[in-house]
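Colleague: What follows is a structure written as structure tokens; I'll ask about it next.
Please treat every number below as a calculation from the coordinates, not as lab data. Predicted model only: the values in this text are computed from it and were never measured. Methodologically, a virtual Cβ is constructed for each residue, glycine included, from the backbone with ideal geometry; neighbour enumeration extends over all protein chains shown.
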Amino acid sequence: GITEVRYDDNFFSIGGNSLTAARLVAAIEASFGKRFSPSVLIENPTVESLGLVLKSESSDGGSDVIVSFNRQQKGRPLVCVNVGFEPVMFYRHLAAYFEDRPVLGAQSRGLKRFEPPYSTVEESAADFIAKIDSRLLLSGASLDEPWDLVSYCKGCAVAFEVARQLETAKRNVGSLTVVDSVLKYRRLKIDLAYFRQLRPSIVEWLPRYLFHQYHKRLQAVMADFAFDPASRREYRRIYLRDKTMDANLRYAVGQIATPMMLIRSSESATDPSKDFHLELKDHSTNRQLRIEQVESSHGMMLLEPSVACVAELIRSFSMECS
């Protein structure tokens, strides 16, 4: 193990990961009494830079929804779209393969206590675009460069909507890469005949339904007011998951001309129930979708060694679309 940490050592270079990052954040919050987002570690991965953040006047480190993975100013920005309850720092392994261009992560709002999540996919995409533009301008990067969009897991709909809104504004979009993600969730279909056999009386299932609705409201309250910080995080995670799914189900998917690529894990490709990933093709104006496969499980797609293959596919697709 590491016995000494210098003030300029990079947290991730010396073995830090998402689990240890969460523990470090909890320790900082307990010691300094400040709310502190794990995404801050991406932009401030050394003891020295973290110290400057803690000395700042802000009492809410990392409240911005946009994270810069590097300080590059030139080249086509790679924009990683993240929604739901997972921190955007999950993209850091992918970002490491693109040091030659600006890499930004768009983090879903609502991870912090008392912070309201986005209510619609359109609202989320519009906010991401405005904040990414501001971050690019502040860093000195050009807004004329086309964006290469990347989404993983639950981020597909928002990334798709970002591309659609940019096209509507007559801005050029380089490409959209969807990593093992679905554009539109599906509502659960119930066989009513079978349901009646199991629940012959409304008296039996109506209380269950009402309790489920009550429990969803309770999650929202507990996400902010639970006494135990670990419980607050867990309730907020569940709350954001439900809000993300609700927004996706209400989303009216349109059409885009942006070149699209779907990278599927071998786990998803062999599961017939996940063929609805291919619906992405129906929302391309030219009905073209490049499909690639990486030998990996879904959860390992953005981790080594799978992420190296994903990064190479994204780079080659970006060059083809340039």
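Colleague: Residue 119 versus residue 139, label points 7 Å from Cα toward the beta carbon: distance in nm?
Modeller: Each label point lies 7 Å from its Cα, and together they span 3.2 nm.
Colleague: Using the count of nearby Cβ atoms within 10 Å as a rough guide to exposure, how do 7, 118 rank from fewest to most?
Modeller: Lowest count first: 7, 118.
Colleague: So, one more: Listing 20, 177 from the residue with the fewest other Cβ atoms within 10 Å to the one with the most, what is the order?
Modeller: Taking fewest neighbouring Cβ atoms as first place, the list is 20, 177.
Colleague: Arrange 28, 291, 256 by Cβ neighbour counts within 10 Å, fewest through most, would you?
Modeller: Ranked by crowding around the Cβ, least crowded first: 291, 28, 256.
Colleague: How long is the gain from residue 172 to residue 320 if the chain were fully straight, where each residue apart is worth 0.36 nm and the alpha carbon distance is subtracted?
Modeller: Result for the pair: 51.8 nm of gain on full extension.
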